[in-house]
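Engineer: My questions will all concern the structure given below.
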Amino acid sequence: MNAREYVAYHSTSAPAIPGVPSSPAPIPVTDGDTIGVVCLCPGGPSSLDDVSRFLYDLYMDPARLDLGMGGFVRHLYARLMANLRASSVRERYEVIGGRSPLLQLAGEQSGALERHLNRAFTDGVDFRAYVAHRHGSPSFEDAARRMQDDGVDRIVLLPMAPHYATARARSWIRYWETLERTGHIPAWPRTAIHEYAANPKLVQAVSERIDQAMQRFPKSVRPDIHLLFTATGLPPSDRDRRCDPSCCLATRTVDHVMQHRGTDRCFSIAFQSEVGPALALAPSVRREADRLVEEGCRAVLIVPVSFVADRLETCVDLDIDLRDHLNQAGVDHVEVTSGLNTHPLFIEALAEAVVSQCRLPDSLSRYRVQGDGAPPDYPLAPLRDLMTEPVEDRSVLCPACSGNLLARAWGDTAPQRITPRPTRRPIPMTPVPTESSLGS
């Protein structure tokens, strides 16, 4: 399905999703089944010559930019914007090797996930992991063809983003569903994963990346390091009309990371745009950086929590542009944490999310090896059965909105399914101060 065809099928009047929806039912698994785990990724250009095509696809995506126009008019707009921005974006990709590093890293992540699933959890069931890029290759259709050739029986859609967002996880899942409805790909029995923001293995992996990056600072300044967590922005229409929960979920990940670390450093949260249409929330990364300069911060460690792999936004926007901005403003010590990439604990977090959505018979359910992390002391229950975290456990407010949307609490099951919040959240134009901002 090409971009113009998808615009024709996409409904801009889709009902609002106030918060994280209840996850679908887990799929039943029997002995001998082949489970396809589809790692849904945003994608990127495979070469410098592919940058214009990549930007065109981004501007054609109605989930990323709601223009309220038909396919042909949108096609003209997307072609114009892609041509206008291709040169500058091409230069930025040239700095990091002429292609998106996400393409290779996503393949490495899916390979590590497949090996861990087959080694750790089951006998009698074969897990196969496939990469599907929304705006790149292999595409969703490519992944479906591979699964058909491999004889996959059931599939789990796994967005490679821990925080549910309208322009990311929801968009990717809806695109897969559209391909099924229109007959572009086969329709397998399937389930999906919406978010895993508070998974303890994910939290520990982020914390370990912070520890690794701190070793790059001189010992004399390590006690003064300020942790600047960054999360992705989102379209204003999603923030206001659809009550997109990604900012709240990213805040919950940060909250868990700092609780895991015993709040050993001052920290704050800011939001950054992705390549393509500008999507931003307050406070922006640049604005927060200026605030730290005004307060005389000596050392800053930037921690992207929305991106699970190194990509243009981390390698250039943060590690080059923001580092230069802080250096020129007088902050001599600036570092950026590496992406989670194939960190063993992150792979374990993904595997736990997948297995939680598979109803395995007792005869097949087995946890044979533990990897880098301790065996989970929480049951891997279906995500729809998990409770949201208690409000009283929240120690950090979302800096972008006044919402109280909380992540799923791993191990705490509810007696009945969780339903979406029915009310709309007011969105203030000024950020809500976090505890870290008040104490830094």
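Engineer: Which members of the stretch 153-172 meet the condition of being surrounded by fewer than 22 Cβ atoms within 10 Å (Cβ to Cβ) and either within 18 Å of Ala63 (Cβ to Cβ) or of a type outside the set (D, E, K, R) (or both)?
Structural biologist: Passing the criteria: only Ser171.
Engineer: Would the stretch 66-82 turn up any residue that is closer than 21 Å to Thr314 by Cβ, out of contact with any Gly (no Cβ under 7 Å at 6 or more places or on another chain) and in contact (Cβ under 8 Å) with a residue 12 or more places away in the chain?
Structural biologist: no
Engineer: Could you list all residues from the stretch 24-70 that are part of a helix (DSSP H, G or I) and either open to solvent by 20 Å² or more (accessible area, probe 1.4 Å) or under 22 Å from Arg146 (Cα atoms) (or both)?
Structural biologist: Leu48, Asp49, Asp50, Ser52, Arg53, Tyr56, Asp57
Engineer: Of these, Tyr164, Tyr175, which one is modelled with pLDDT under 95, among the aromatic types (Phe, Trp, Tyr) and over 22 Å from Glu5 (Cα atoms)?
Structural biologist: Tyr164
Engineer: Conditions: (1) in contact with a Leu (Cβ under 6 Å, 6 or more places away or on another chain); (2) part of a loop (DSSP other than H, G, I, E, B). Ala187 meets all but one. Number of the miss?
Structural biologist: (1)
Engineer: On to the next question. Suppose the filter is modelled with pLDDT of 95 or more, crowded, with 20+ Cβ neighbours inside 10 Å and not basic (Lys, Arg); does Val275 pass it?
Structural biologist: It is false that Val275 is modelled with pLDDT of 95 or more, crowded, with 20+ Cβ neighbours inside 10 Å and not basic (Lys, Arg).
Engineer: Being at pLDDT 90 or above and farther than 21 Å from Thr314 by Cβ is the filter here; which residues of the stretch 216-238 pass it?
Structural biologist: Pro218, Lys219, Ser220, Val221, Arg222, Pro223, Asp224
Engineer: Would you check which residues across the stretch 74-97 are open to solvent by less than 80 Å² (accessible area, probe 1.4 Å) and closer than 29 Å to His10 by Cα and list them?
Structural biologist: Scanning the stretch 74-97 gives Arg74, His75, Tyr77, Ala78, Met81, Ala82, Arg85, Ala86, Val89.
Engineer: Only residues that are loosely packed, with under 15 Cβ neighbours inside 10 Å and in contact with a helix residue (DSSP H, G or I) (Cβ under 9 Å, 6 or more places away or on another chain): list them for the stretch 98-128, please.
Structural biologist: Arg115
Engineer: Looking at the stretch 377-398, which of its residues are open to solvent by less than 70 Å² (accessible area, probe 1.4 Å), outside any loop (DSSP other than H, G, I, E, B) and modelled with pLDDT under 80?
Structural biologist: Hits for the stretch 377-398: nothing passes.
Engineer: Give me a count of the residues in the stretch 296-314 that are closer than 28 Å to Glu208 by Cβ, assigned to a loop (DSSP other than H, G, I, E, B) and not aliphatic (A, V, I, L, M).
Structural biologist: 6
Engineer: How many residues does the stretch 186-211 contain that are open to solvent by 10 Å² or more (accessible area, probe 1.4 Å) and over 24 Å from Met387 (Cα atoms)?
Structural biologist: Qualifying residue count for the region: 7.
Engineer: In the list Glu195, Glu208, which residue meets the criterion of being at pLDDT 90 or above, more than 15 Å from His163 (Cβ to Cβ) and among the acidic types (Asp, Glu)?
Structural biologist: Exactly one residue qualifies, and that residue is Glu208.
Engineer: Please state which of the following conditions Ala144 fails to meet, knowing it meets all the rest: (1) surrounded by fewer than 17 Cβ atoms within 10 Å (Cβ to Cβ); (2) in a helix (DSSP H, G or I).
Structural biologist: Checking Ala144 against (1) surrounded by fewer than 17 Cβ atoms within 10 Å (Cβ to Cβ); (2) in a helix (DSSP H, G or I), the one that fails is (1).
The values are calculated or read from the model by the stated rules, or taken from the named source; none is laboratory data. Because the structure is a prediction, the values reported are computed rather than measured. Positions of Cβ are backbone-derived with ideal geometry, glycine not excepted, and every protein chain shown enters the neighbour counts. These area figures cover heavy atoms from the full protein model, side chains too; ligands, DNA and RNA do not enter into them. Shrake-Rupley method; radii C 1.70, N 1.55, O 1.52, S 1.80 Å.
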